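Structure, as structure tokens:
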Amino acid sequence: MLETGIKGHKETVVNHNNTAVFAGSGELEVFATPAMVALMEQACQESVAPLLEEGKGTVGTHLNISHDAATPVGMKVWVDTELVEIDRRHLVFSVKAYDETGLIGQGTHDRFIIDNEKFIAKANAKKA
């Protein structure tokens with residue numbers, strides 16, 4: 001059962017494949033904002049997935065975050081999340097990203113609970 005207070009955690013080590021230069025979001029070999037966003041979304045999604053009904057999932061719909069400090073290649077980065085609001089199918093998470101020296105980013109992330117089959121059918125209908 002979904003309830004506020006559910007926590008998530010996801011971590012990685014900064015390498016060439018998650019840098020700004022690799023992502024095309026910058027010119028430096030530092031942890032990319034798109035990589036931080038993906039880590040935040042993964043932590044949120046994975047924290048609630050086991051609690052959803054069969055055939056249900058979540059999709060990200062809104063991010064309001066800041067990326068406040070650069071992290072060089074070789075350092076560990078992690079994200080901690082907490083489900084702070086539930087309004088029927090609308091979920092709001094608090095998200096915080098850290099490296100080995102402290103907080104590097106934070107904000108909120110909204111996700112909606114969806115029926116996986118209906119969602120993919122609607123998306124695929126765009127090709128028709």
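Table: residues versus (1) of a type in the set (Ser, Thr, Tyr); (2) without any contact (Cβ under 8 Å) to a residue 12 or more places away in the chain; (3) part of a strand (DSSP E or B).
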{"residue": "50", "(1), (2), (3)": "no, yes, no"}
{"residue": "54", "(1), (2), (3)": "no, yes, no"}
{"residue": "57", "(1), (2), (3)": "no, no, yes"}
{"residue": "70", "(1), (2), (3)": "no, no, no"}
{"residue": "84", "(1), (2), (3)": "no, no, yes"}
{"residue": "105", "(1), (2), (3)": "no, no, yes"}
{"residue": "113", "(1), (2), (3)": "no, no, yes"}
{"residue": "120", "(1), (2), (3)": "no, yes, no"}
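Residue 55 versus (1) in contact with a strand residue (DSSP E or B) (Cβ under 9 Å, 6 or more places away or on another chain); (2) surrounded by 12 or more Cβ atoms within 10 Å (Cβ to Cβ): which is the lone unmet condition?
(2)
Please find, among 97, 128, 70, the residue that is among the hydrophobic types (A, V, I, L, M, F, W, C) and open to solvent by less than 60 Å² (accessible area, probe 1.4 Å).
Going through 97, 128, 70 in turn, the sole match is 97.
Taking into account only those residues within region 1-37 that are within 20 Å of residue 78 (Cβ to Cβ), aliphatic (A, V, I, L, M) and in a loop (DSSP other than H, G, I, E, B), which is most open to solvent (accessible area, probe 1.4 Å)?
The residue in question is 6.
The values are calculated or read from the model by the stated rules, or taken from the named source; none is laboratory data. Keep in mind that this is a model prediction, so the values were computed, not measured. Quick reminder, even Gly has a Cβ in these numbers, built from the backbone with ideal geometry, and neighbours come from all protein chains shown. Quick note on the areas: whole protein, heavy atoms, side chains included, nothing else; ligands and nucleic acids left out. Shrake-Rupley method; radii C 1.70, N 1.55, O 1.52, S 1.80 Å.
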